[in-house]
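J.: Handing you this structure, nothing more for now.
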Amino acid sequence: LEIDARSKMGKTATIEEFRFEYKVRLFLDVPDEDSACVHLMYFQATHDVVDARYPCQEQDSITLAALQVQEENGDCPGPGAANPITGRLERYIARKYIEEMGEQKLQEDITQLYQKLTGYSKREARLSYLDYVKAWKIYGSAYFFAEPQSNQAFPPEVVLAINSKGILVVDPDTKDFLAEYTYNNVV
């Protein structure tokens, strides 16, 4: 297909590439020994973090980016070798941080942490990444826009983040948690 498209459009034509991404909709605790589940959960977590689906701090994003680089590339190459982050920063960190901090500063910060991860195996990097994001209240949530009917303390529109731990009410603009309800408190 790619050869046919290129021949019709010329050698220098850019061909759009698409990929299917299967996502977990119901998040459960999976055993660390189940490598297929860990792989799927890791793949989705990296996608959701880079896509800014989970609000997180700059330092969290840098730490997670370093773990992702370690998982993909193994130990940091020595001085003089090509840095695997160069030209690929958008693969590891949300665009908003690249715009706020600048590519050079982010690359230096990620590389500094990446060097400290020497010796981590692919599996250890994945499990550490997952442990990090699982600690967030918002991890594993499905999102729904809602209009509060009887609570004047909320803005006119909120996001309900529903996960296995409960329901979070999130401000769609600031991403602040406005309220948190465990299932034993929901009528």
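The values are calculated or read from the model by the stated rules, or taken from the named source; none is laboratory data. For clarity, every value in this text was computed on a predicted model and none was experimentally measured. Cβ coordinates were reconstructed from backbone atoms using ideal geometry, including for glycine residues, and neighbour counts include every protein chain displayed. Protein only, heavy atoms only, side chains kept; ligands, DNA and RNA dropped before computing areas. Shrake-Rupley method; radii C 1.70, N 1.55, O 1.52, S 1.80 Å.
J.: If a/c stays under 1.5 just call it rounded; otherwise compare a/b with b/c (prolate if a/b is bigger, oblate if not). Do that for segment 60-128, with a ≥ b ≥ c from the square roots of the Cα gyration tensor eigenvalues.
T.: Verdict is oblate for segment 60-128.
J.: Here's something else I'd like to know. Shape verdict for segment 15-119, please, from the Cα gyration tensor: rounded (a/c under 1.5), prolate (a/b greater than b/c) or oblate.
T.: It comes out prolate by the Cα gyration axes.
J.: Between 16, 157, 58, which gets the highest mean-square fluctuation from a Gaussian network model of the chain, Cα cutoff 10 Å?
T.: Its mean-square fluctuation being the largest, the pick is 16.
J.: Additional query: Once ligands and nucleic acids are excluded and a 1.4 Å probe is used, how much of residue 178 is accessible, expressed in Å² to the nearest 10?
T.: Surface accessible to solvent at residue 178 totals approximately 70 Å².
J.: Test of understanding: in a Gaussian network model of the chain with alpha carbons linked when under 10 Å, which of 14, 63, 111 would top the mean-square fluctuation ranking?
T.: Comparing 14, 63, 111 in a Gaussian network model of the chain, the most mobile one is 14.
J.: I'm spelling it out carefully: the read-out is Cα extents along the principal axes in Å, the candidates are (1) 55, 36, 25; (2) 59, 47, 36; (3) 39, 38, 30, and one was derived from this structure. Which label?
T.: (2)
J.: About the Cα centre of segment 114-187, what is the dipole size in debye to 20, counting +1 per Lys and Arg Cβ and -1 per Asp and Glu Cβ, all else neutral?
T.: Using Cβ point charges on Lys, Arg, Asp and Glu, segment 114-187 gives about 640 debye.
J.: Accessible area per residue, 1.4 Å probe, Å², for the chain: what's the number?
T.: I get 65 Å² per residue for the chain.
J.: So how tilted is helix 58-73 from the main axis of the chain? Cα-based, degrees 0 to 90, rounded to 10.
T.: 40 degrees
J.: A follow-up question, please. Of 130, 179, 150, whose Cα points farthest to the positive end of the dipole of segment 115-187 (charges on the beta-carbon: +1 Lys, Arg; -1 Asp, Glu; origin at the Cα centre)?
T.: Working it through, the farthest residue towards the positive pole turns out to be 130.
J.: Subtracting the Cα-Cα distance from 0.36 nm times the residue separation, let me have the gained length for residue 147 to residue 175 in nm, one decimal.
T.: Extending this stretch completely gives an extra 8.5 nm.
J.: Same structure again: Applying 1/(1 + (r/R0)^6) with R0 = 22 Å to the Cβ-Cβ distance of residue 99 and residue 135, what FRET efficiency is obtained, to the nearest 0.05?
T.: Computed FRET efficiency for residue 99 and residue 135 comes out at 0.25.
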